[in-house]
Amino acid sequence: MGCGGSTEAQPNQTADGHPLNEEAGNKQSKLNDEAAKQPTNEAAKLTKEEVYVSANLASIQTLDEDMASEQVSDDMEILQELHTMVREQYKTSYNEIKQAYKKGDYARVASSAHALKGAMSSLGANRFAKLSGLLENYGRELQAIIKAGTPVTEDQTHLVSIYIALMAGEWQEYLTVFQDFIKRTAN
């Protein structure tokens with residue numbers, strides 16, 4: 001079994017055990033209050049940090065090690081093979097998302113994000129899966145706006161670019177955590 005432990009963060013720390021500064025917690029509360037006041041089809045020009053905090057991503061484990069181990073009956077060789085397949089899925093889907101975003105094809109953004117969500121969930125990469133799900137839902141929302149004949153605003157497309165940037169950073173975090181997990185279980 002892995003050493004992932006609980007998926008819930010302790011007070012004042014992320015699910016991965018990193019300290020959560022008080023300012024970030026207060027900022028999240030304020031953002032949640034502001035988000036509740038705004039219509040869902042309007043996206044203010046948020047920063048990556050604000051989106052990360054408002055989505056409560058810090059409270060979600062990068063990798064649920066117990067779940068990842070259980071998926072492959074504790075066979076780390078199979079887990080590494082699964083990781084290789086997911087890495088290829090990431091490359092394909094992430095590039096599709098970036099290309100679809102450039103073309104304003106939010107249905108394609110949503111479907112590629114959905115594929116990533118499923119792939120990352122299968123490895124226990126919960127934070128990345130959550131982020132993919134957020135992009136999937138937002139892509140669908142934007143596609144519905146377009147279908148209704150309403151133009152998508154610059155602020156709305158900006159939020160898609162923020163999700164894409166967060167995905168790139170979260171992928172790097174996942175790779176680091178996954179490799180550390182493999183090294184620990186090899187010993």
Exercise for review: Calculate, axis by axis, the spread of Cα positions in the stretch 118-166 along the three principal axes, and write the results as whole Å, longest axis first.
Suggested key: 39, 19, 10
**Study point:** Summed side-chain charge close to Q80 - residues other than Q80 whose Cβ falls under 15 Å, Lys, Arg +1, Asp, Glu -1
**Key:** -4
Revision key, fill the gap. Karplus-derived 3J(HN,Hα) from phi for the stretch 127-143 (6.51 cos²θ - 1.76 cosθ + 1.60, θ = phi - 60°), whole Hz, x at Gly and Pro, runs 5, 5, 4, 4, 4, 4, x, 5, 5, 4, 5, 5, x, 5, 4, 5, 5
Revision key, fill the gap. Expected vector for the stretch 159-166, Karplus 3J(HN,Hα) from phi with 6.51, -1.76, 1.60 and θ = phi - 60°, integer Hz, x for Gly and Pro, equals 5, 4, 5, 5, 4, 4, 5, 5
Check your understanding: Per-residue HN-Hα couplings for the stretch 75-88, Karplus 6.51 cos²θ - 1.76 cosθ + 1.60 at θ = phi - 60°, whole Hz, x for Gly and Pro?
Key -> 8, 5, 5, 5, 4, 5, 5, 4, 4, 4, 5, 5, 4, 5
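Any read-out appearing in this document is the output of simple, stated calculations on the displayed coordinates, not a laboratory observation. As the structure is a prediction and not an experimental result, all values here were calculated from the model. Quick reminder, even Gly has a Cβ in these numbers, built from the backbone with ideal geometry, and neighbours come from all protein chains shown.
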